[in-house]
Amino acid sequence: MQLPPTIRINQNFRKLLISSALGVVGAAADADEITMLFEDFGGDARSRWTYVADGVMGGVSQGQARMVETDQGPAVRLRGEVSTENNGGFIQVRNRFAESWPDDAKGLRISTKGNGEIYYVFLRTQGLTRVWHSYRVAFATSSEWSQIEMDFSDFRMSHDGMPVNFSPSDVRSIGIVAYGREHTADVTVGSIALY
C-alpha cells in the first residue's frame, strides 16, 4: 500500500510543505521520532465515535458520520451542510476517551481526504469546564489522501480565559469538525497517530 505525502501545516495555512511519502504504516518521519497509532477506525469504531451537530444549541446544521471502507482501509466520513443560522455553525464526529496520551508527544498525524474545504481538529482537556471550549487547529483537504501533521503548539484556545497551553496527557476528547461558515462538508479520516 502506498501512503500519501505528509503535509505539515500551521494555524493560518501560510505554508503547506509536502515531504516524502512514508514507507510503512506507523513509520516515523525521522529516526528520532516515535509514532503511536491512536485510531485506525477498525474493530468497533462506531462505539468510540459519536456524531454531534449544532442542534444541541439550537442550530440547524445537518449531517452524519459513518464508518466506511476505503481504498486505504477503514475510515470515518463526516458529511453534511453547515449553517450559521440560529447561532449554529458546526457538525462533528468525536471520540471521548479515558486513557492518557504520552506527555512527550509533539502532535498529531492524520490521514485524510475531502472536498477541498478546510476542517478542524478540536481537542478538549480534562480541565475545561465549558462544553464549547476546546483547542483547535485547521487543516485543508483535497480529493487525494494526505498525511497531515499538526504540532500541539499549533493548536489555539477557542476562548479567552482558557489556559494557553495544554499537556497531551490531559486531552480527553478529539473531534473532526466542519465549522464556522456556510458550506457543504465532506471529509474522511483514515487514521490518527501521535508523534
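What follows draws every value from the coordinates through simple rules; no lab data is involved. Computed from a predicted structure; not experimentally measured. For neighbour counting, all protein chains shown are included, and Cβ atoms are generated from backbone atoms with ideal geometry for every residue, glycine included.
Here is how the numbers come out for the structure above:
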item	result
Where only C-alpha atoms are counted, convex hull volume of the stretch 45-141 per residue in Å³	128 Å³
Cα extents of the stretch 117-195 along the three principal axes, largest first (Å)	37, 32, 17
Separation of the Glu69 and Asn86 label points, Cα + 7 Å toward Cβ, nm	3.7 nm
Measure of compaction for the stretch 31-83 (Cα Rg per 2.2 N^0.38 Å)	1.51
Sites Met57 and Gln126, calculated FRET efficiency, Cβ-Cβ separation with R0 22 Å, nearest 0.05	0.50
Calculated FRET value between Glu182 and Glu144, using beta carbons and R₀ = 30 Å, to 0.05	0.75
Those trypsin sites (Lys or Arg not before Pro) in the stretch 86-134 that DSSP places in a loop and that have at most 13 other beta carbons within 10 Å	Arg130
Chain lengthening between Arg96 and Leu37 when straightened (0.36 nm per residue, less Cα-Cα)	19.6 nm
